[in-house]
Amino acid sequence: MLISYRKNLDRIIFLSMMSFFVLPVLATIYQALAYSFSLQCLAIVISTQIMFVMDTVEMNMRFHSQQAAYEKARYEAEHDGMTGLLNKEAGWKHMRKYFDRMDSHDEAMLMFVDIDDFKTINDTYGHTVGDFWIREVASQLRHIYRQDDIICRYGGDEFLALIRNTASEQVLETTLGMFFQQLARTSEQHGQDVHCSVGVCRIAAADGASLGTGCADGDAIGSVDFDQCVAQADLALYETKRFNKGTFTVYNYDRSQPAPANIRA
């Protein structure tokens, strides 16, 4: 155990603890070979080694207990208790970090997912049913998209998802088609009319891909403004909910426009 923790211990502490174990053993062996056994010395060495081993085991258990408590606290601080997804703050942090590293060859899709008429669901069926549908939508999003995609519960009945390393319209249509179909099947099983609207900001790569409105073919995408992407995904969601609930709307990322002032945070 000491050797396994060597990287976590100061060199002086590590050598001191090792000497506490090794030196008495070496001295006992030398005494036995050079002189004769001393039962008293042997008993002292054995009892000392037992105490040392027990203290080391207790230290090991305490370390793992503290580590487990730390990991649990960190998980609870970053995840939503109802859905198990990242919470808004943690999701926002991870997404912004990804956007900060994007270059002209990277692409992604940022999606707002909203349960339509959620207040009516709560008023009609009760808050327990409303909570069920929040967990169900979260579960379906987690199942459809990859582990390295970033999905968080944005708040209430809204979710924000960053689909990394792709801006393929076919991927978007296929995955959202699966999402809508599964949600419809679950709604039918429970005899309830529940559906979601989605707004998407699509960030395409510079090399021959669609650059979005307002960008000339020769422009380089360079850095991508995360706040502007969130605002465009939000506008796309608003358009979906206003004109065609239960479907999705896609806005291509537009670098030429400044980020709107009414960004949700």
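The values are calculated or read from the model by the stated rules, or taken from the named source; none is laboratory data. These numbers come from a predicted model, not from an experiment. Cβ atoms come from the backbone with ideal geometry, glycine included; neighbour counts cover every protein chain shown. With ligands, DNA and RNA removed, areas are computed over all heavy atoms of the protein, side chains included. Shrake-Rupley method; radii C 1.70, N 1.55, O 1.52, S 1.80 Å.
Once the Cα atoms of helix 226-243 and of the chain are each reduced to a long axis, what angle between those two axes, in degrees from 0 to 90 to the nearest 10, is obtained?
Taking Cα atoms only, the helix is inclined about 50 degrees.
Any chance you could run the full-extension gain for SER168 through HIS105? It's 0.36 nm times the residue separation minus the Cα-Cα distance, nm to one decimal.
Extra length available between SER168 and HIS105 comes to 21.3 nm.
So if R0 is 30 Å, what FRET efficiency would MET82 and TYR238 give, r being the distance between their Cβ atoms, rounded to the nearest 0.05?
0.75
Could you give the length gained on full extension between PHE20 and SER223, defined as 0.36 nm per residue of separation minus the Cα-Cα distance, in nm?
67.4 nm
Take LEU9, project a point 7 Å from its Cα along the Cβ direction, then tell me which residues of segment 36-55 have their backbone nitrogen under 17 Å from it.
Residues 48-55 qualify, since their backbone N sits under 17 Å from the label point.
State, as an integer percentage, the relative contact order of the chain based on alpha-carbon contacts under 8 Å between residues 6 or more apart.
Numbers: 341 pairs, mean separation 49.8, N = 265.
With pairs under 8 Å counted, the relative contact order is 19 percent.
If R₀ is 45 angstrom, what is the calculated FRET efficiency for the pair ARG146 and HIS64, using the beta carbon separation as r and rounding to 0.05?
For ARG146 and HIS64, the calculated efficiency is 0.90.
Please report, as a whole percent, how much of the solvent-accessible surface of the chain comes from carbon and sulfur atoms (probe radius 1.4 Å). Working shown, then result.
Numbers: 8690 of 15470 Å².
About 56 percent, which is the carbon plus sulfur part of the accessible surface.
If each DSSP helix of 4+ residues adds -39,500 (n - 2.57) and the sum is divided by the residues in the chain, what number results at 222 nm, nearest 500 deg cm²/dmol? Intermediate results must be reported in sequence, preceding the final value.
Values: 7 runs with 143 residues, N = 265.
About -18500 deg cm²/dmol.
Full extension from MET1 to ALA184: what is 0.36 nm times the residue separation minus their Cα-Cα distance, to one decimal in nm? If you can, show how the numbers build up before the last one.
Values: separation 183, 0.36 × 183 = 65.88 nm, distance 5.42 nm.
Extending this stretch completely gives an extra 60.5 nm.
What figure, in Å² to the nearest 10, do you get for the accessible area of TRP92 with a 1.4 Å probe and non-protein molecules left out?
Surface open to solvent at TRP92 totals about 40 Å².
Got a sec? Charge dipole of the chain, +1 on Cβ for Lys and Arg, -1 for Asp and Glu; which of LEU33, PHE14, ILE151 is way out at the positive end?
Farthest towards the positive end: LEU33.
Projected onto the charge dipole of the chain (+1 at Lys/Arg Cβ, -1 at Asp/Glu Cβ, origin at the Cα centre), which of MET61, LEU2, GLY91 gives the Cα projection farthest towards the positive end?
LEU2
With axes computed from alpha carbons, what is the tilt in degrees of helix 88-100 against the longest principal axis of the chain, rounded to the nearest 10 within 0 to 90?
The angle comes out at about 80 degrees.
Select from SER197, SER38, SER139 the residue whose mean-square fluctuation is largest in a Gaussian network model of the chain (Cα-Cα springs shorter than 10 Å).
Residue with maximal mean-square fluctuation among SER197, SER38, SER139: SER38.
How far is helix 127-144 tilted, in degrees, relative to the longest principal axis of the Cα atoms in the chain, given as a value from 0 to 90 rounded to the nearest 10?
Here the helix axis deviates by roughly 80 degrees.
What does the charge dipole of segment 52-166 about its Cα centre add up to, to the nearest 20 debye, if the Cβ of each Lys and Arg holds +1 and the Cβ of each Asp and Glu holds -1?
With Lys and Arg at +1 and Asp and Glu at -1, about 300 debye.
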